[in-house]
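The values are calculated or read from the model by the stated rules, or taken from the named source; none is laboratory data. Owing to the predicted nature of the structure, the values given are computational and were not obtained by experimental measurement. Every residue, glycine among them, receives a Cβ derived from its backbone with ideal geometry; neighbour counts consider all protein chains shown.
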Amino acid sequence: MPTRKLAEFKTPIVFFAFFGLYLFTLHPSLAPYRDAGEMATSAWTLGVSHPTSYPLYILLGRLIDSFPLGNPAYRLNLLSAISASGAVALLFSFLFDSFGIEAALGGCALLGFNAAFWSIAVVSEMYSLWVLGAVFLLSVAWKLSEKYDDNLWFFFCFSFGVIVSNRLDFVLWSPGLIWLALSDVDEKSISFWAGWAFVACPALMFFFGLHWPIAALAAFSAVYARKTPNLKSWVFKSAVFSLLGISIYFYLPIRSSAGPWLDWNHPANWANFVQSILRTKYGGTLDLISENYAKGSLFFGNMVLYAKHLRHNFSLVGILAALWGMTGLARSKPRRFIGVFTLYFFSGPFFLLLANMPPNPHAMAIVNPHYLLSDAVLIFGAALGLAEWAKRSKILAQAVVVFLILFPFITGRLSEENRREHFFDYDYARNIFLSAPPGATVIAKKDVQLFSLWYYQTAAGWRPDLNIVAQGLIGSPWYENSFAKRAPNLFLTPLPNDAAWKRFLAVNSPAFATPDADVPASVANALNPRGLLMGAVPGDLNVSQNLWHFFATRGRYSYEAQPDFFTSDLIDAYSQMSFKEGTEKFKQDPASSFEDLNRAWAMHWIFPGPPAYLGYAAYLERQYPEALNFYQIAASLGEKLDFLAQKYRALNGTIQSFKQSCSENMLQAGAIEEKLGNPQEARKWYLKSLATRPSAQAHYNLAVLTWNSDPQNSQKELEEALSIDPHYAPAVKYLQILRARVVR
């Protein structure tokens, strides 16, 4: 059978094989993934999502939503699975044509079983469509590099514009794609262009925070590399075809002018339209988290995590194949290599430098899908490497391919990525709605939690009587105008402090906050629990407790046992609210709180709050050994949290909060050791508390410990206590007594 016909025969098999895999592991409804709920809401209502608004995905999503198959979110999950399978099949066809069967199968295995790729193939997000576009453009650029053709080039320009309308950050690939596509022109200097690509452009973007240099570099690359007598005409046509493709963005002002349910930034206004496309008003970074850190300060930590990602998904064998292939390309076709390396540089290391995300689970869950563009380049390099190995030894190359296919399953990838019975997000939204009384206002903040409520209220029609308010969007004119159409009597105002929160809750009563809302501690402590919500209305613990009996909680509700951050975060909401309910019951009767405290602790083991309360309950019952055990556990968990916070580069306020809680539990452990007649053990705990976070209480306890045996040391400790808190009354009182003794 001729080679081309063989590829045509096998490509559909590859598509349906991977589609079957993704279909088997597909989320049954909305997935707890960063923007999945927002994308599903926008697709269902034909809305305008957050910048850059992703018009291509929203339009395709609305199209697939029109098919009566399952629920709307499941249809979007199907769109992702189809796009992902298409990307793998297209990669197979391209690699088979260009480099042979070993390269094609190895490349498919590295992409199709990639954990980051698999995770976005089963959720309602735009990433798998993004990767499909990347594979397509890479294959077209490579064909152009082998034999340039004007018609194929203009089709390439049009396709690039269409794909950019799905995710604008695909522009990072534009200089490399253009150089690769036009790399058959040998007269132009590589070093001159490389200086602009790898020095001037990155410097302007990094040091000055500019975005236009990457577009300027792309335009310069086309003009510099193309050798044609009709350059002006060629440039004009290239620009026209590119703009024709990207014209999908005009969906935004057209739809915005019609007043959709979600009208983020209201791009019907021309200035807002430009801001939405360029993401300038929303924030030019990957996520606003990065703005809390100095530029470039997190780069090396991110590169370490990236290296772990590569080892997890490529294995050492795959990485070696990629290095082998890229090295061979650099030797044999240096101009093409520069183009391919540029793709990798801007979407890999340089992207991570600009993203500047802290190495914590939340930030890494955001970064994870963004590895895929650079992964695609390395997969292409690995295919080149396999092709070279096949020339030397077919058996070796085939053995490597078999290993790359089996490696993910040997390491448990199927169980890690299987979401076919994953109902955590569905149940969370259901339980939130169950917790809210009729006509309530519910304020939420985090993406998954908020967007899930949006989706189930709009697409599923749940609880239309509720006002779901986005804490982070209050104060944005477009949001207030949009909400005024749905709830004209609702009072919206920014919530920067305690007073604003109290006013909001009082005016919009009955008003509640979800556990993820950023509520000031003084306000949160005064709110009453009601299932998974907390509100300023009079609480009834019996009602709240009964709600828990009606909650749907399918799956294993353990924070530490989940395969992804976002699911863990949902479980944390249950743990926090069960803990709050337990603390409220504790005020009335400590014994009645044990069920809630133990449930909170079982859901989230690294949570010092429940054992601290259980320790206090045992202390009140004079069960000192049991109380000591609980406080020791609470202190140990606090140290674990402190360690993780510093490892993950958490903000200083978060770290100090963990340290304070840990220090207080150490003080309690020391006090109980005193009760048990173990002064030396008590001293160790007090010193440990001071080392964790200096406090007047710890110094005072040390002073009391040596009150009779070493008055001089007691005086020193009391003075230290007052140096930390000059108004600490016990230290003031007993220091005066000691000084009076000396005078007498």
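Just a few scattered comments:
- Positions within region 94-126 being surrounded by 21 or more Cβ atoms within 10 Å (Cβ to Cβ), touching an Asp or Glu at 6+ places or on another chain (Cβ under 8 Å) and small (Gly, Ala, Ser), in sequence order: Ser119
- Qualifying residue in region 150-157 (condition: among the aliphatic types (A, V, I, L, M), surrounded by 21 or more Cβ atoms within 10 Å (Cβ to Cβ) and touching a residue at least 12 places away in the same chain (Cβ under 8 Å)): no
- Any hit, region 237-244, residues being under 22 Å from Arg336 (Cα atoms), assigned by TED's automatic domain parsing to the domain that holds Ser347, under 34 Å from the mean Cα position of the chain (by Cα) and not β-branched (Val, Ile, Thr): no
- Tyr148 satisfies every condition listed in (1) touching an Asp or Glu at 6+ places or on another chain (Cβ under 6 Å); (2) not in a loop (DSSP other than H, G, I, E, B) except (2).
- Evaluation of Tyr224 against (1) aromatic (Phe, Trp, Tyr); (2) at pLDDT below 90; (3) outside any helix (DSSP H, G or I) (one fails), failing number: (3)
- Qualifying residue in region 360-370 (condition: surrounded by 24 or more Cβ atoms within 10 Å (Cβ to Cβ), touching a residue at least 60 places away in the same chain (Cβ under 8 Å) and out of contact with any His (no Cβ under 6 Å at 6 or more places or on another chain)): no
- Of the helices (runs of 4 or more DSSP H) lying entirely inside region 231-347, those containing at least 3 residues that are of a type outside the set (A, V, I, L, M) and surrounded by fewer than 16 Cβ atoms within 10 Å (Cβ to Cβ) span 231-246, 299-332.
- In region 567-585, the residues that are in contact with a Phe, Trp or Tyr (Cβ under 6 Å, 6 or more places away or on another chain) and either over 27 Å from Glu416 (Cβ atoms) or hydrophobic (A, V, I, L, M, F, W, C) (or both): Leu570, Ile571
- Region 470-487 residues that are within 19 Å of Ala258 (Cα to Cα), paired with ones that are in a helix (DSSP H, G or I) and at pLDDT 90 or above (beta carbon under 7 Å, 6 or more apart): Tyr479/Leu473
- Odd one out for Tyr428, checked against (1) at pLDDT 95 or above; (2) under 24 Å from Tyr574 (Cα atoms); (3) out of contact with any Leu (no Cβ under 7 Å at 6 or more places or on another chain): (3)
- Scanning region 224-238 for residues that are hydrophobic (A, V, I, L, M, F, W, C) and within 25 Å of Gly195 (Cβ to Cβ) turns up Ala225, Leu231, Trp234, Val235.
- The set of residues from region 447-485 being in contact with a Gly (Cβ under 9 Å, 6 or more places away or on another chain), among the charged types (D, E, K, R) and under 16 Å from Ile432 (Cα atoms) comprises Asp447, Asp465.
Here is a yes/no grid of residues against (1) over 18 Å from the mean Cα position of the chain (by Cα); (2) assigned by TED's automatic domain parsing to the domain that holds Ala573; (3) part of a helix (DSSP H, G or I); (4) not hydrophobic (A, V, I, L, M, F, W, C):
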site: Leu354; (1), (2), (3), (4): no, no, yes, no
site: Pro358; (1), (2), (3), (4): no, no, no, yes
site: Asn368; (1), (2), (3), (4): no, no, yes, yes
site: Phe380; (1), (2), (3), (4): yes, no, yes, no
site: Leu386; (1), (2), (3), (4): yes, no, yes, no
site: Ala390; (1), (2), (3), (4): yes, no, yes, no
site: Gln398; (1), (2), (3), (4): yes, no, yes, yes
site: Val402; (1), (2), (3), (4): yes, no, yes, no
site: Pro408; (1), (2), (3), (4): yes, no, yes, yes
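- Gly653 out of contact with any helix residue (DSSP H, G or I) (no Cβ under 9 Å at 6 or more places or on another chain), surrounded by fewer than 18 Cβ atoms within 10 Å (Cβ to Cβ), in the same structural domain as Gly615 (by TED's automatic domain parsing) and under 30 Å from Tyr293 (Cα atoms): yes
- Note on region 488-515: residues that are under 14 Å from Val537 (Cα atoms) and touching a residue at least 24 places away in the same chain (Cβ under 8 Å) total 10.
- Residue match in region 597-607 (condition: among the polar types (S, T, N, Q) and either touching a residue at least 24 places away in the same chain (Cβ under 8 Å) or at positive phi (or both)): no
- Cβ-Cβ under 6 Å pairs, at least 6 apart or on other chains, region 621-643 side farther than 10 Å from Ala669 by Cβ and in the same structural domain as Asn665 (by TED's automatic domain parsing), far side modelled with pLDDT under 95 and small (Gly, Ala, Ser): Gly638/Ser661
- Filtering region 199-226 to residues that are in contact with a Lys or Arg (Cβ under 8 Å, 6 or more places away or on another chain) and closer than 23 Å to Ser145 by Cβ leaves Tyr224, Ala225.
- Phe512 meets each of the listed conditions (1) closer than 21 Å to Arg430 by Cβ; (2) out of contact with any helix residue (DSSP H, G or I) (no Cβ under 7 Å at 6 or more places or on another chain); (3) surrounded by fewer than 20 Cβ atoms within 10 Å (Cβ to Cβ) apart from (3).
- Residue ID - farthest from Leu90 (Cα to Cα), chosen from residues in region 111-138 that are β-branched (Val, Ile, Thr) and in contact with a His (Cβ under 9 Å, 6 or more places away or on another chain): Val123
- Region 484-528 - residue that is touching an Asp or Glu at 6+ places or on another chain (Cβ under 6 Å) and aliphatic (A, V, I, L, M) and, of those, farthest from Lys580 (Cα to Cα): Leu492
- The strands (runs of 3 or more DSSP E) found wholly in region 440-532 and carrying at least 1 residues that are among the hydrophobic types (A, V, I, L, M, F, W, C) occupy 441-444, 467-470, 511-513.
- One residue from Val140, Val123, Val171, Val131 being of a type in the set (A, V, I, L, M, F, W, C), in a loop (DSSP other than H, G, I, E, B) and in the same structural domain as Val367 (by TED's automatic domain parsing): Val123
- Single residue of Ser568, Ser592, Ser558 found to be among the small types (Gly, Ala, Ser), within 25 Å of Thr411 (Cβ to Cβ) and touching a helix residue (DSSP H, G or I) at 6+ places or on another chain (Cβ under 6 Å): Ser568
- Taken over region 301-338, the criterion of being aromatic (Phe, Trp, Tyr) and modelled with pLDDT under 95 is satisfied by no residue.
- Single residue of Thr583, Thr553 found to be closer than 24 Å to Val442 by Cα, touching a residue at least 12 places away in the same chain (Cβ under 8 Å), assigned to a loop (DSSP other than H, G, I, E, B) and out of contact with any strand residue (DSSP E or B) (no Cβ under 6 Å at 6 or more places or on another chain): Thr553
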